[in-house]
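Visitor: Provided herewith is a single structure, encoded as structure tokens, for subsequent inquiry.
The values are calculated or read from the model by the stated rules, or taken from the named source; none is laboratory data. Bear in mind that the values here come from a model prediction, so they are computed numbers and not experimental data. Positions of Cβ are generated from backbone atoms using ideal geometry, with glycine treated the same way; all protein chains shown enter the neighbour counts. SASA here: full protein model, heavy atoms, side chains in, ligands and nucleic acids out. Shrake-Rupley method; radii C 1.70, N 1.55, O 1.52, S 1.80 Å.
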Number of protein chains: 2
Amino acid sequence: MELTEYHLVEKSICPVARTAQILGGKWTILIIRDLAAGVKRFNQLERSLQGISPKTLSERLRSLEEEGIVIRQTFAEAPPRVEYLLTEKGCDLVSVIDSMRAYGKQWLCNK
Amino acid sequence: MELTEYHLVEKSICPVARTAQILGGKWTILIIRDLAAGVKRFNQLERSLQGISPKTLSERLRSLEEEGIVIRQTFAEAPPRVEYLLTEKGCDLVSVIDSMRAYGKQWLCNK
DNA sequence: CGGGATCCCACCCGATACTG
DNA sequence: CAGTATCGGGTGGGATCCCG
């Protein structure tokens, strides 16, 4: 990955902004939430995240791997098998997700 | 604001995603964080959020107002004065911000 | 002081097709 | 199964200039 000036600047900002930056994007938190429930394979994620395209899922998983939030385990079998799971750094995001869910339930979804 | 199909669909998703949607964007949480510290004027925000353009600040404040998270108070004076403050819905976001800060401090900024 | 108007670019994301 | 390649759109954000 090429490091632009944008990245260099952004890496040095405050904790709140950095966390938001990682969680930004339409699918990221949903992926983490699903993986928090247990190890999952690519197609399992693709099904549970209804509507995501394989390209986007692949991109998100890859950047989460670079961030050290998910681990990608490959098994040399036929058919090929790849499993995704959260690191400790990833599991700790659950508390953030929980507070977002609590807020969303109270203020955004009245059901 | 024109409601595209995109918006209609997005409004109905889960609490976690809805919260993330509101907090997404580079500056939104930082604005809320600053307003959580007290009422602020446009230029005060522009200074404390170093690097934000007036256009972006204006856009973000306006959409936060539409979401019912901030209140815009205008005073008919010379020079004109406008103050921004959080609603109760906005104040409740502080707990989310706090958990994001805690995570960021532990995993993203080692200082 | 508190913005709006305009132009432009980087990114994220979706749809579709294809592959080892 | 687990992706990659390609194309293209919409949105957020920045730069600059302007206004009541």
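Visitor: Of all the C-alpha pairs in chain A, what % are more than 23 Å from each other?
Guide: Result: 35 percent of Cα pairs exceed 23 Å.
Visitor: Would you please name the GluC sites (Glu not before Pro) within the stretch B:23-103 that are DSSP coil residues with at most 11 other C-beta atoms within 10 Å of their C-beta?
Guide: Those satisfying the criteria are B:Glu77.
Visitor: Sticking with this one: How big is the dipole moment of the protein assembly as shown about its Cα centre under a simple scheme where the beta carbon of each Lys and Arg is +1, that of each Asp and Glu is -1, and everything else is neutral? Debye, nearest 20, please.
Guide: Here the protein assembly as shown has a charge dipole of around 200 debye.
Visitor: On a 27 Å Cα-Cα criterion, which of the cross-link pairs A:Lys89/B:Lys26; A:Lys26/B:Lys40; B:Lys26/B:Lys89; A:Lys55/A:Lys105 come out too long?
Guide: Where the Cα-Cα span goes over 27 Å, the pairs concerned are A:Lys26/B:Lys40; A:Lys55/A:Lys105.
Visitor: Accessible area of chain B with a 1.4 Å probe: how many percent of it is carbon plus sulfur?
Guide: The nonpolar share, carbon plus sulfur, comes to 52 percent.
Visitor: Using a Förster radius of 41 Å, what is the FRET efficiency between A:Cys91 and B:Glu67 based on their Cβ-Cβ separation? Nearest 0.05, please.
Guide: The calculated FRET efficiency here is 0.85.
Visitor: Shifting gears a bit: Per DSSP helix of 4 or more residues, -39500 (n - 2.57); summed, then divided by the residues of chain B. What does that give at 222 nm, rounded to the nearest 500?
Guide: It comes out at -16000 deg cm²/dmol, rounded to the nearest 500.
Visitor: With a 1.4 Å probe on protein heavy atoms only, work out how much accessible surface B and A bury together, total over both chains, in Å² to the nearest 100.
Guide: It comes to approximately 2900 Å² buried between B and A.
Visitor: Let me ask you something else. Relative contact order for chain B using alpha-carbon pairs under 8 Å, separation at least 6, rounded to a whole percent?
Guide: Relative contact order, chain B: 23 percent.
Visitor: Using a Gaussian network for chain B with springs between C-alpha atoms less than 10 Å apart, which of these wobbles most: B:Arg62, B:Arg72, B:Arg18?
Guide: Comparing B:Arg62, B:Arg72, B:Arg18 in the GNM, the peak value goes to B:Arg18.
Visitor: May I have the pair-distance distribution P(r) for the protein assembly as shown, computed from all Cα-Cα distances with 5 Å bins from 0 and rounded to whole percent?
Guide: Per 5 Å bin, starting at 0, the Cα pair percentages come out as 1, 6, 13, 17, 18, 15, 13, 8, 4, 2, 1, 1, 0, 0, 0, 0.
Visitor: Measuring from label point to label point, each 7 Å out along Cα→Cβ, what is the B:Phe75 to A:Thr74 span in nm?
Guide: 6.4 nm
Visitor: Another question, if that's okay. Report the one residue of A:Gln50, A:Gly90, B:Ala17 whose Cα lies farthest in the direction of the positive end of the charge dipole of the protein assembly as shown (charges on C-beta: Lys and Arg +1, Asp and Glu -1; origin at the Cα centre).
Guide: Most positive-ward Cα: A:Gly90.
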